[in-house]
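The values are calculated or read from the model by the stated rules, or taken from the named source; none is laboratory data. For clarity, every value in this text was computed on a predicted model and none was experimentally measured. Please note: Cβ atoms are built from the backbone with ideal geometry, for glycine as well, and neighbour counts cover all protein chains shown. All accessible areas refer to the heavy atoms of the entire protein, side chains included, with ligands and DNA or RNA removed. Shrake-Rupley method; radii C 1.70, N 1.55, O 1.52, S 1.80 Å.
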Amino acid sequence: MDFTKDVVVPAALSEILSRIFSFLFDNLATRPAPGARDAHRRRLEQLLGNIGSMVEEAEGRHITNHQLLSHLKSLTAGMYRGRFALEVTDLDDANAAADDPDDADNDSTDAAAGKRSFALCSSFSNKAKRSRVARLILSAGAGGRNAAAGGDGTERLAAVVEELEGLTRDYMREFIMLVQGYPRKVHRPVTTTLYMDRCVFGRHVEKERIVDFLLHRAPPNRAPFLSALAVVGAKKVGKTTLVKHACDDERVRGHFAAIEWFETPAVVRAGGAPEQTVWESGGPEYLAGVRRILAEPRFAVAGAERSLLVFEDAWPMDESEWAALAASPTSAAFAGGGSKLLFTCRDGDVARIGTAEPVVLETLRQEEYWYYFKAFAFGGADPRDHPRVAAVAREISGHLERTFLDARVLGTLLRANFDARFWKKVLAAIVRCERRPMHVGVLLELLPVRGRLQSYGYCRSPPKFTVQDVLSAGAGGGGGGGESEEGFTVHLCRETLYMDHWYSITFKNGDVAGAAPPIL
């Protein structure tokens with residue numbers, strides 16, 4: 001027997017033929033048929049309409065079942081991915097139709113290009129733009145990797161259609177029936193993307209979990225007496241904002257007679273020695289401060305009204321000492337009327353002190369974050385009417401760290417100067433920025449002010465100047481038009497939930513080391 005002739009050669013030929021047929025099959029199978037793109041688009045629009053109705057109906061109900069809430073979260077994420085894919089396809093079409101190499105920075109043709117029929121545009125002439133935007137589409141999941149490879153958007157749309165059909169195929173009817181068994185929420189003022197301060201964007205399921213914990217009545221006279229929940233997440237991910245929204249819910253406001261907030265400095269001062277001025281994170285002073293707050297007469301007196309105490313940025317606490325506190329008579333008196341504790345923290349160790357599964361906040365998905373960001377950057381304008389600016393905005397959104405405050409501040413800055421060249425300067429500043437928070441570094445580079453940074457944060461009185469004032473009139477150009485001879489404050493955005501404060505940046509008059517030249 002000739003081993004090479006009888007075994008090796010047939011095996012090699014079989015492998016070669018297998019690879020050839022596989023290559024041909026893959027190319028023939030994935031080549032889009034004529035009209036497939038429009039068919040996928042119509043199907044995606046139909047699915048988005050159905051899923052949008054389901055999400056709206058579910059978010060209008062008081063749902064307490066965690067499995068239903070989990071499925072609602074999946075539906076919401078899929079809805080944003082579908083909308084994002086549709087919008088990216090439209091903007092790619094508009095950019096291709098309006099592409100002019102000799103006038104790359106001119107946005108005067110945006111409105112005309114935006115008014116064209118996006119559904120009928122199927123040719124893409126600028127591959128660089130298409131690939132740049134495609135990197136952002138559907139970044140979380142296998143669908144994104146497949147869609148990004150699509151040549152003209154057909155595979156992108158097909159991948160999203162397949163995903164959304166899978167989401168709705170098995171559970172759609174049962175989901176609607178189960179949702180309709182829960183009571184409707186009381187109608188409240190409009191909470192659209194134009195009123196971001198009044199809606200909990202991207203955190204509906206997490207908010208419902210917190211509300212369900214706060215309204216749930218713990219078994220009486222059973223240790224541990226303290227009923228606590230931890231909300232865990234990275235810095236600037238929106239922990240405090242989420243808890244504020246939960247506390248603003250009409251069910252929670254009607255359930256608790258008092259809702260009080262305690263920041264870390266106040267807690268450690270309450271637990272430290274009278275003359276103590278330095279505290280170490282994770283030290284015993286924080287737990288001692290919590291113990292002292294719970295022992296206050298307004299909370300520890302038998303028959304006291306139901307209270308909700310919120311501790312922001314809680315420090316780690318010794319678990320054995322916490323267990324002793326939770327089993328103490330003081331805690332029994334505090335919890336006797338159904339009072340609750342909420343802790344926001346970055347450390348997962350704090351979550352172990354809770355009596356319920358912690359609520360863990362992840363950063364928003366790119367598709368969701370884009371919708372939050374563009375609400376501030378474009379206001380009531382449609383990005384499809386300004387495709388060049390929208391392409392830059394997409395890149396800006398992709399470079400941000402997906403924090404809510406960055407989106408609000410930088411979106412407001414962009415809307416103040418609706419020009420593609422300025423937006424590109426903002427993008428370049430974001431790419432170079434190494435300072436955190438990012439919006440502060442970008443503002444220091446781009447705002448045409450003469451002065452050095454003094455502070456930034458929330459203030460109770462409205463500043464005299466807005467970003468629009470500074471950009472259009474150069475209000476801070478010489479530093480002499482401020483609120484005083486020492487400095488001036490620029491209003492960046494407003495916080496209207498649970499407090500009425502302005503987020504502002506204050507400059508002190510004087511020379512700036514390394515200040516960027518004015519941009520106007």
Considering only residues that are under 22 Å from W322 (Cα atoms) and at pLDDT below 85, look in the stretch 202-224 and name the one that is surrounded by the fewest Cβ atoms within 10 Å (Cβ to Cβ). P219
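Each row is one residue, and each column tells you yes or no for (1) at pLDDT 90 or above; (2) not polar (S, T, N, Q).
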{"site": "A273", "(1), (2)": "no, yes"}
{"site": "V278", "(1), (2)": "no, yes"}
{"site": "P284", "(1), (2)": "no, yes"}
{"site": "D313", "(1), (2)": "yes, yes"}
{"site": "S331", "(1), (2)": "no, no"}
Filtering the stretch 237-250 for residues that are farther than 14 Å from C345 by Cβ and either touching a Leu at 6+ places or on another chain (Cβ under 9 Å) or at pLDDT 90 or above (or both) leaves a count of 7
Take the stretch 492-508 and flag every residue that is at pLDDT 65 or above, closer than 23 Å to R253 by Cα and of a type in the set (A, V, I, L, M). none
Residue in the stretch 225-237 that is farthest from T330 (Cα to Cα), counting only those that are open to solvent by less than 40 Å² (accessible area, probe 1.4 Å) and over 19 Å from the mean Cα position of the chain (by Cα): A230
Give the residues of the stretch 296-321 that are free of Cβ contacts under 8 Å to residues at least 60 places away in the same chain and within 33 Å of the chain's Cα centre (by Cα), sorted by residue number. R306, S307, L309, F311, D313, W315, P316, M317, D318, E319
When the stretch 265-289 is checked residue by residue, the ones that are β-branched (V, I, T), under 33 Å from the mean Cα position of the chain (by Cα) and over 27 Å from H216 (Cα atoms) are V268
Looking at the stretch 372-398 only, could you name the residues that are part of a helix (DSSP H, G or I) and out of contact with any Leu (no Cβ under 9 Å at 6 or more places or on another chain)? K374, D385, R388
Which one of the conditions (1) more than 14 Å from E56 (Cα to Cα); (2) at pLDDT below 75; (3) open to solvent by 20 Å² or more (accessible area, probe 1.4 Å) does G144 fail to meet, given that it meets all the rest? (3)
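Listed here are the residues, each with its yes/no results for (1) outside any strand (DSSP E or B); (2) among the hydrophobic types (A, V, I, L, M, F, W, C); (3) closer than 25 Å to K207 by Cα.
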site	(1), (2), (3)
I293	yes, yes, no
A304	yes, yes, no
S320	yes, no, no
S331	yes, no, no
F334	yes, yes, yes
Single residue of the stretch 392-405 satisfying the filter (aliphatic (A, V, I, L, M) and farther than 10 Å from L427 by Cβ) that is surrounded by the most Cβ atoms within 10 Å (Cβ to Cβ): L400
Output the residues belonging to the stretch 369-395 that are within 11 Å of W423 (Cβ to Cβ) and among the small types (G, A, S). A377, A390, A391, A393
Total residues in the stretch 401-433, condition assigned to a helix (DSSP H, G or I) and either more than 17 Å from the chain's Cα centre (by Cα) or at positive phi (or both): 17
Which pairs turn up if I take residues in the stretch 354-369 that are more than 16 Å from Y80 (Cα to Cα) and look for partners that are open to solvent by 70 Å² or more (accessible area, probe 1.4 Å) and in a loop (DSSP other than H, G, I, E, B) with beta carbon separation below 8 Å, at least 6 apart in sequence or on another chain? T355/P224
Considering only the stretch 306-318, how many residues are assigned to a strand (DSSP E or B) and out of contact with any strand residue (DSSP E or B) (no Cβ under 8 Å at 6 or more places or on another chain)? 0
Residues (in a loop (DSSP other than H, G, I, E, B) and under 17 Å from L414 (Cβ atoms)) located in the stretch 434-451: P437, L447, P448
Within the stretch 238-263, can you find the residues that are in contact (Cβ under 8 Å) with a residue 12 or more places away in the chain, open to solvent by 20 Å² or more (accessible area, probe 1.4 Å) and part of a helix (DSSP H, G or I)? T240, T241, K244, D248, E250, R251, H255
Please verify whether the stretch 48-61 includes one or more residues that are in contact with a Lys or Arg (Cβ under 7 Å, 6 or more places away or on another chain), part of a helix (DSSP H, G or I) and not aromatic (F, W, Y). yes
M196 versus (1) in a helix (DSSP H, G or I); (2) surrounded by fewer than 19 Cβ atoms within 10 Å (Cβ to Cβ); (3) modelled with pLDDT under 80: which is the lone unmet condition? (2)
